1. Would you pick out the residues in the range 8-26 that are under 19 Å from F71 (Cα atoms), small (G, A, S) and in a helix (DSSP H, G or I)?
2. Any residue in the range 61-73 that is surrounded by fewer than 21 Cβ atoms within 10 Å (Cβ to Cβ), farther than 14 Å from A146 by Cβ, out of contact with any Ser or Thr (no Cβ under 8 Å at 6 or more places or on another chain) and not β-branched (V, I, T)?
3. Looking at the range 108-131, is at least one residue surrounded by 14 or more Cβ atoms within 10 Å (Cβ to Cβ), aromatic (F, W, Y), out of contact with any Asp or Glu (no Cβ under 7 Å at 6 or more places or on another chain) and not in a strand (DSSP E or B)?
4. Filter the range 27-74 down to the residues that are in a loop (DSSP other than H, G, I, E, B) and free of Cβ contacts under 8 Å to residues at least 40 places away in the same chain and list them by number.
5. Quick one: in the range 52-88, of everything that is of a type in the set (A, V, I, L, M) and farther than 30 Å from A135 by Cα, which residue is modelled with the lowest pLDDT?
6. Considering (1) at pLDDT below 95; (2) surrounded by fewer than 17 Cβ atoms within 10 Å (Cβ to Cβ); (3) closer than 22 Å to E43 by Cα, say which one Q166 fails and leave the rest.
Amino acid sequence: MNRPRPEPMQVVKQRRDAALRALVDGVPYIQFLGIEFDRRGDELTGLLNFNDTQIGNPFLPAIHGGVTAAFLEVTSIITLSWSYLWPDIESGVINAAQMARGELPNLPKTIGFTVDYLRPGLPRDAYARATVSRAGRRYATVRVEAWQDNRDRLFAQAVGHFRMPQAPRIATRD
């Protein structure tokens, strides 16, 4: 009995990175905010690249609360999408080429999002990592934390409730 040879790990990594890039590039608001994602296995870390236009209070200076909330919500949605798309990306049902052509997966819709601002966001890069607490067929709960220099010193955290997309998972962008 001959088994097919497994793909080289570099090919698998490139496929995963291309799928994530296509998912993120499909949402123009993410580019507007300057958010990037770092993937390690199936874990994502959001990176909010600092820009002077993100300052809300120039006297402190501090990152605007709306930018902080948007960063946390985007990180939550992309992490949740990545977690439910992961099996289809790995099996080849969804591929990066499809996504790059505009055949994007349906993303979860926000039902409610509660942000706790713990301290001012300083004028520097920020990081966020989301954890899916519960994910069912129709509903999911995600917890997300944001920090800057020290992971133990959060400047914001949030809990979001999302409506999961129904089949079909892929929608074409007009």
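1. Within the range 8-26, A22 is the sole residue that qualifies.
2. Taking every residue of the range 61-73 in turn, at least one turns out to be surrounded by fewer than 21 Cβ atoms within 10 Å (Cβ to Cβ), farther than 14 Å from A146 by Cβ, out of contact with any Ser or Thr (no Cβ under 8 Å at 6 or more places or on another chain) and not β-branched (V, I, T).
3. no
4. Of everything in the range 27-74, those that are in a loop (DSSP other than H, G, I, E, B) and free of Cβ contacts under 8 Å to residues at least 40 places away in the same chain turn out to be G34, G41, N51, P58, F59, H64.
5. L60
6. Single failed check for Q166: (3).
The values are calculated or read from the model by the stated rules, or taken from the named source; none is laboratory data. Computed from a predicted structure; not experimentally measured. Here the Cβ is made from the backbone with ideal geometry for all residues, glycine too, and neighbour counts use every protein chain on show.
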